[in-house]
Amino acid sequence: MLEAILNDPGIAVMLGDADVGKTTTATAIANAAVRVGYRTVVVDTDIGQSDIGPPATVGLALACRPVLQMDQLPAAAAFFVGDTQPQFVYRYLVEGAVRSVAWARERGAEVIVVDTTGWIEGPAAVAAKARKIRGIGPRHVVALQRSGELEPILARLPEGTIVHRLRASFRARARSREMRRIARVHRFRQYFASARRHVVDLAAFPADRPAVYAGRHIPQARMLAEIPGSALRHLLVGLVDQDGWLAAVGSIIETTPAAQAVAIAAPLRSLAGVSGLQWGVLRVAPAGTEEGRLQWRRRHGRPRQEYCGDEPAPEGT
């Protein structure tokens, strides 16, 4: 597999369930490409178990030297997705992946390695993964599977895609949902450790994503009037530059409806480089603890949290 990718370089997408060795394989491919002199970029779209950048973002890194683990690669840029479960935010996950690959191509990357989430089973997951792969347009797909579970996705790949079918690594360490949650808490806590309080005038910063609450798209100008402050508390928000790349992830710590302002904890010295806001779905306290999600849909007259896909919450994110 390594030799085939190095002899025909391009984009290589990892595909597989949780705990099959996707990240380890992605790191091995990037290391091999660096050793032979290819300009290499790694794109981390595993928003639930991020190694490059904080969770709920797509991170990318220039691989300039071999590393033991992917999280040793410093992030060069990041795209805000807003949740750690792909069903809620898949359109933004795909957008982040496509934009990140374009970023790498613009900088002359010869090998682009894309790591992905473990959401692979069920009609919604199959359709979503196929859409993502079509958007990225990889030369290679590395399929790590245990017993043919990826075949429904592989059957929908664009013609000409080179598929490398590998057995799931026996060295991959199985992690429970609780272990994954604890890992995210640690990553978020580490990220917000240097956060400062910033007061954001909502009239001064446009939003290119509306908040979705109880089945309705709420314009930013109406958010503080129509969404309870308790629901907005600790909601993740992307503070982005003029090109839509992430300057920092923030967590709302206070709302002031009369002034159309929110106070946000974010690891930024100032808001000088921030041009806009992107509202997320997940609520995370600066201490790193996840506190649920902003309610998206209303069912039987009562607002409730609900996945955008057809499947239950995946273990692989």
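The values are calculated or read from the model by the stated rules, or taken from the named source; none is laboratory data. These numbers were taken from a predicted model, which means no experiment stands behind them. Cβ sites come from the backbone with ideal geometry, for glycine too, and all protein chains shown count toward neighbours. Heavy atoms of the whole protein, side chains included, go into the accessibility calculation; ligands, DNA and RNA do not. Shrake-Rupley method; radii C 1.70, N 1.55, O 1.52, S 1.80 Å.
Taking segment 172-198 as the range and being assigned to a loop (DSSP other than H, G, I, E, B) and either of a type in the set (Gly, Ala, Ser) or out of contact with any helix residue (DSSP H, G or I) (no Cβ under 8 Å at 6 or more places or on another chain) (or both) as the test, the residues that pass are Ala172, Arg173, Ala174, Ser176, Ala193, Ser194, Ala195. Among the residues of segment 1-22, those that are touching a Gly at 6+ places or on another chain (Cβ under 9 Å) and over 14 Å from Val163 (Cα atoms) comprise Asp17, Ala18, Asp19, Val20, Lys22. Can you confirm whether segment 95-106 contains a residue that is more than 30 Å from Leu294 (Cβ to Cβ), open to solvent by 50 Å² or more (accessible area, probe 1.4 Å) and outside any helix (DSSP H, G or I)? No, that holds for no residue.
Does Gly118 satisfy the criteria of being under 20 Å from Gln85 (Cβ atoms) and assigned to a helix (DSSP H, G or I)? Give the derivation first.
On the way: under 20 Å from Gln85 (Cβ atoms): yes; assigned to a helix (DSSP H, G or I): no.
Against the criterion (under 20 Å from Gln85 (Cβ atoms) and assigned to a helix (DSSP H, G or I)), Gly118 does not qualify.
Okay, residues lined up against (1) of a type outside the set (D, E, K, R); (2) crowded, with 20+ Cβ neighbours inside 10 Å; (3) part of a helix (DSSP H, G or I); (4) touching a helix residue (DSSP H, G or I) at 6+ places or on another chain (Cβ under 9 Å):
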residue: Leu6; (1), (2), (3), (4): yes, no, yes, yes
residue: Thr23; (1), (2), (3), (4): yes, yes, yes, yes
residue: Ala28; (1), (2), (3), (4): yes, no, yes, yes
residue: Ala33; (1), (2), (3), (4): yes, yes, yes, yes
residue: Gln49; (1), (2), (3), (4): yes, yes, no, yes
residue: Gly53; (1), (2), (3), (4): yes, yes, no, yes
residue: Arg65; (1), (2), (3), (4): no, no, no, yes
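Among the residues of this structure, Arg134 counts as one that is among the basic types (Lys, Arg) and assigned to a helix (DSSP H, G or I). Scanning segment 217-251 for residues that are in contact with a strand residue (DSSP E or B) (Cβ under 8 Å, 6 or more places away or on another chain) and of a type in the set (Lys, Arg) yields one hit, Arg233.
If you go through segment 67-93 and pick out every residue that is more than 22 Å from Gly135 (Cα to Cα) and open to solvent by less than 10 Å² (accessible area, probe 1.4 Å), you end up with 1. Annotation: of all residues in segment 229-258 being open to solvent by 60 Å² or more (accessible area, probe 1.4 Å) and not in a strand (DSSP E or B), the one that is nearest to Pro286 (Cα to Cα) is Arg233.
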